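The values are calculated or read from the model by the stated rules, or taken from the named source; none is laboratory data. Remember, predicted model here, so these are calculated numbers, not experimental data. Here the Cβ is made from the backbone with ideal geometry for all residues, glycine too, and neighbour counts use every protein chain on show. Remember, those area values only see protein heavy atoms, side chains included, never the ligands or the DNA or RNA. Shrake-Rupley method; radii C 1.70, N 1.55, O 1.52, S 1.80 Å.
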Amino acid sequence: MNPFKYKFVRTAQIYTFANILNAAIPFLLIPILTRYLTPADYGIVAMFGVLLNLVAPFTGVNIHGAIARQYYDRDEVDMPLYVSNCLLILFCSTITVGVIFYICAEPLSRISSVPVRWLWAVIIVSAAQFINRVNLTLWQVQVKPVSYGIYQVSQTLIILILSIWFVVGLGMNWQGRVQAQVIGFGVYA
């Protein structure tokens, strides 16, 4: 048997398993959230996710994709400097989005039902997600599936555990779910 083919298959299996497990974990949280959150609370959590998805292209500007692309030209590019510059771009774009959110806080809050003082969480989670994607991308292009899988699944598990603890254990309602994401993504970033 070709050792290259075996390594490729094994690597693909690890990535696939990690991604399936990572997608399944939040699915397990749905029955808990629907039981302990009111429909209004669940709506705020959902709108938080919508805002997060709307903001992500502007905070992240696909820096992880640019890093993945440049990695294959790493002999011609100073990768540590390139990644640092990408993170600087992320910082600048996050600040820009933050200023826009500050200026438009009232209308955004009215449209989304996410209170003004919680809009900052959207920006923090979005920026932290992109830092995490940079880590995952670097492990992926370096063919380190075990590091990739452990990082990704453990982060999702931490957010799940914090969500359950905050929502069920401490009765923090939708704020607990949002706070779990801020802490989970923030710590891993």
(request) Please state which of the following conditions VAL187 fails to meet, knowing it meets all the rest: (1) open to solvent by 60 Å² or more (accessible area, probe 1.4 Å); (2) among the aliphatic types (A, V, I, L, M); (3) at pLDDT below 95; (4) over 21 Å from THR16 (Cα atoms). (result) (3)
(message) Looking only at segment 110-122, count every residue that is in a helix (DSSP H, G or I) and open to solvent by 20 Å² or more (accessible area, probe 1.4 Å) and tell me the total.
(response) 6
(message) Looking only at segment 15-41, filter to residues that are touching a residue at least 24 places away in the same chain (Cβ under 8 Å) and either among the basic types (Lys, Arg) or open to solvent by 80 Å² or more (accessible area, probe 1.4 Å) (or both); which one of those is farthest from VAL178 (Cα to Cα)?
(response) PHE17
(request) Tell me which residues, restricted to segment 47-64, are surrounded by 13 or more Cβ atoms within 10 Å (Cβ to Cβ) and without any contact (Cβ under 8 Å) to a residue 24 or more places away in the chain. (result) GLY49, LEU54, ASN62
(message) Checking ARG69 against (1) at pLDDT below 95; (2) loosely packed, with under 11 Cβ neighbours inside 10 Å; (3) of a type in the set (D, E, K, R), only one condition comes out false. Which one?
(response) (2)
(request) Working only within segment 149-171, note down all residues that are aliphatic (A, V, I, L, M) and either surrounded by 18 or more Cβ atoms within 10 Å (Cβ to Cβ) or over 20 Å from ALA46 (Cα atoms) (or both). (result) ILE150, VAL153, ILE159, LEU162, ILE164, VAL167, LEU170
(request) Out of VAL97, VAL146, report the one residue that is open to solvent by less than 40 Å² (accessible area, probe 1.4 Å) and not basic (Lys, Arg). (result) VAL97
(request) Working only within segment 154-184, note down all residues that are at positive phi and of a type in the set (S, T, N, Q). (result) ASN173
(request) Could you please find all residues in segment 72-94 being at pLDDT below 90 and open to solvent by less than 70 Å² (accessible area, probe 1.4 Å)? (result) ASP73, VAL77, MET79
(request) Please identify the pairs in which a residue from segment 74-96 that is under 18 Å from ARG133 (Cα atoms) has its Cβ atom under 6 Å from the Cβ atom of a residue that is among the small types (Gly, Ala, Ser) and open to solvent by less than 70 Å² (accessible area, probe 1.4 Å), counting only partners at least 6 apart or on another chain. (result) THR94/ALA127
(request) Could you list, in sequence order, all residues of segment 62-104 that are part of a helix (DSSP H, G or I) and among the hydroxyl-bearing types (Ser, Thr, Tyr)? (result) TYR71, TYR82, SER84, SER93, THR94, THR96, TYR102
(request) Take VAL141 and decide whether it is surrounded by fewer than 18 Cβ atoms within 10 Å (Cβ to Cβ) and either closer than 30 Å to ILE100 by Cα or modelled with pLDDT under 95 (or both). (result) yes
